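First up is the structure itself, then whatever we jot down about it.
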Amino acid sequence: MLEELASTVDFEIDRRPFLLRPDAVEDGIGSMDSSMDSQERESNGRRPPLYRPGEGLSDTEPASNRALSTLLVHAATAYAKESGLDGQFYRSAAKEYWEQGTDLGLLYTIRRITVLAGLDWGDLWPKLQSGSYHNLVLAQHAEAKAAGVTQTPSFQVNGRLHSGAITKDELRAAVQTTR
């Protein structure tokens, strides 16, 4: 929707991260797997699920085996942006999420999206592993919170924040009122 609208109304798209669970940010890639001792692994050698059936994070959040943090996919998006392919990466990620219900926090998913977008996984992987983009992503998340962002999607048009479900016509009207 954004790319199509930008081509007809002439505005710039600047995608920035907003972490849905900023308190669930991992310290690094290595800590996700290597910190598990052998007792934490299930008998089949796989990592146990984040939650067991009937468990949840709280009374209001149901149990889910999805990755808690979106930091890595946002870091990959920052890499894609540096490479000039953030639009392609975003479209690939959105398609995976909305059409397939894929967990965007999984490394396998991030790798697949990276390759689909035409990016070099061999170059990106060491950067994800080292946390090269973590500070950038966290700083942009803090900027979004300071600007009043509390949910996704959110759009800032000429300093005015528009959040939640917004139609193409509503977004077009918001952009055109700035001219």
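Taken together, the values in this text are just the output of simple stated rules run on the coordinates, not laboratory data. Since the model is a prediction, treat every value here as computed from it, not as a measurement. No Cβ is skipped: glycine too gets one built from the backbone with ideal geometry, and neighbour counts run over all protein chains shown.
Looking at (1) surrounded by 16 or more Cβ atoms within 10 Å (Cβ to Cβ); (2) over 23 Å from Ser7 (Cβ atoms), can you tell me which one Thr77 breaks?
Of the numbered conditions (1) surrounded by 16 or more Cβ atoms within 10 Å (Cβ to Cβ); (2) over 23 Å from Ser7 (Cβ atoms), the odd one out for Thr77 is (2).
Looking only at residues in segment 131-159 that are of a type in the set (Gly, Ala, Ser) and touching a residue at least 24 places away in the same chain (Cβ under 8 Å), which one is surrounded by the fewest Cβ atoms within 10 Å (Cβ to Cβ)?
By that ranking, first place goes to Ser132.
Would you please name the residue that is farthest from Asp14 (Cα to Cα), looking only at residues in segment 68-89 that are without any contact (Cβ under 8 Å) to a residue 60 or more places away in the chain and in a helix (DSSP H, G or I)?
Leu72
Name the residues in segment 90-103 that are in contact (Cβ under 8 Å) with a residue 12 or more places away in the chain, within 22 Å of Leu138 (Cβ to Cβ) and among the hydroxyl-bearing types (Ser, Thr, Tyr), would you?
Tyr90
Do you know which residues across segment 120-130 are within 18 Å of Gly84 (Cα to Cα), surrounded by 12 or more Cβ atoms within 10 Å (Cβ to Cβ) and of a type outside the set (A, V, I, L, M, F, W, C)?
Lys127
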